[in-house]
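Please read the structure below before turning to the comments.
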Amino acid sequence: MRSLKRVMFALALVGIALVVRGGDDAKQAEAIILKAVKAAGLDKDSDKPHAETWKDKGVLVFMGQKIEYDSDWLFMAPNKYRIDLKMDIMGQQIAVTIGTDGVKAFEAALGMRQEIEGDKLDYVKTEAYQLWVMTLHPLLRDKEFQLKTIPPKKVGAGEAVGVQVDRKGRPPIRLYFNKDSGLLVKLEVTVKNEFDGWKDALDEVYFDGYQDQDGRKIFSKLKVDRNGQLLGESTISQWRRIAPVDDKRFQQP
């Protein structure tokens, strides 16, 4: 009986130690995010409702072919976005619009419009979720986000510290921040791959070329690898915050 009591007491001590270490780890993760928020100036007017717009010009790689594109983005936290995309495919200009109001999503191209469903809807929602997580400040305020540190790694020429972001119903997102500057340099997330029968794929997103914009530091270079292969790279420009917009902007026209 005494042996059983000793074992139970030891297990209780282990449980307490795990809780303490878990609490300390969450604080360390929050400290990393707080440093990143301040480094990028994302705490400025963070409590004021707003939307964000930017331009994205680059190249997509599909089946070994490079497709040039220009796009205009509109994002409103936590889960609404719209992309107006123009692509040059074998000399033909094709315009595509994709949008989600957080519940439903649509796509329009070549004069046709349709609601997005199934795996593609999950992909679109995950993309909107990534944009929200990248704003960083909500990670410190919304208790539905769970943060923990992950092992550091080298990203580019510098060492980066890592934080994993978990939220019920959404895939884990791993964020890496330059150890010195505190700025976001990489994001990792598992997505549904439209080009491979909607199988799970690892997206690695790299951020570089930070510039001052309206009192904040905004990346101007973006590169995405999917399952270790280049998916696309682009230049971001004309980022700005605007007043909240009508939800109809994100709904099927």
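Some notes on this structure:
- All conditions in (1) modelled with pLDDT of 95 or more; (2) outside any strand (DSSP E or B); (3) among the hydrophobic types (A, V, I, L, M, F, W, C); (4) loosely packed, with under 14 Cβ neighbours inside 10 Å hold for L230, with the sole exception of (2).
- Options F250, F195; residue that is buried (at least 16 other Cβ atoms within 10 Å of the Cβ) and more than 25 Å from A26 (Cβ to Cβ): F250
- So Y81, is it under 20 Å from R226 (Cα atoms), among the hydroxyl-bearing types (S, T, Y) and modelled with pLDDT of 95 or more: no
- Looking at region 106-190, the strands (runs of 3 or more DSSP E) lying wholly inside it that each contain 3 or more residues that are buried (at least 16 other Cβ atoms within 10 Å of the Cβ) and over 12 Å from the mean Cα position of the chain (by Cα) sit at 146-155, 158-167.
- Looking only at region 46-58, and only at residues there that are farther than 15 Å from W239 by Cα and in contact (Cβ under 8 Å) with a residue 24 or more places away in the chain, the one that is surrounded by the most Cβ atoms within 10 Å (Cβ to Cβ): G58
- Matching residues in region 198-218 - criterion: being surrounded by 13 or more Cβ atoms within 10 Å (Cβ to Cβ), under 17 Å from G156 (Cα atoms) and of a type outside the set (A, V, I, L, M, F, W, C): D203, E204, Y206, D208, Y210
- In region 67-81, the qualifying residues are those that are surrounded by 14 or more Cβ atoms within 10 Å (Cβ to Cβ), within 20 Å of Q93 (Cβ to Cβ) and not small (G, A, S), and the one that is farthest from the chain's Cα centre (by Cα) is I67.
The values are calculated or read from the model by the stated rules, or taken from the named source; none is laboratory data. In this text, all values refer to a predicted model and were calculated from it rather than measured experimentally. Please note: Cβ atoms are built from the backbone with ideal geometry, for glycine as well, and neighbour counts cover all protein chains shown.
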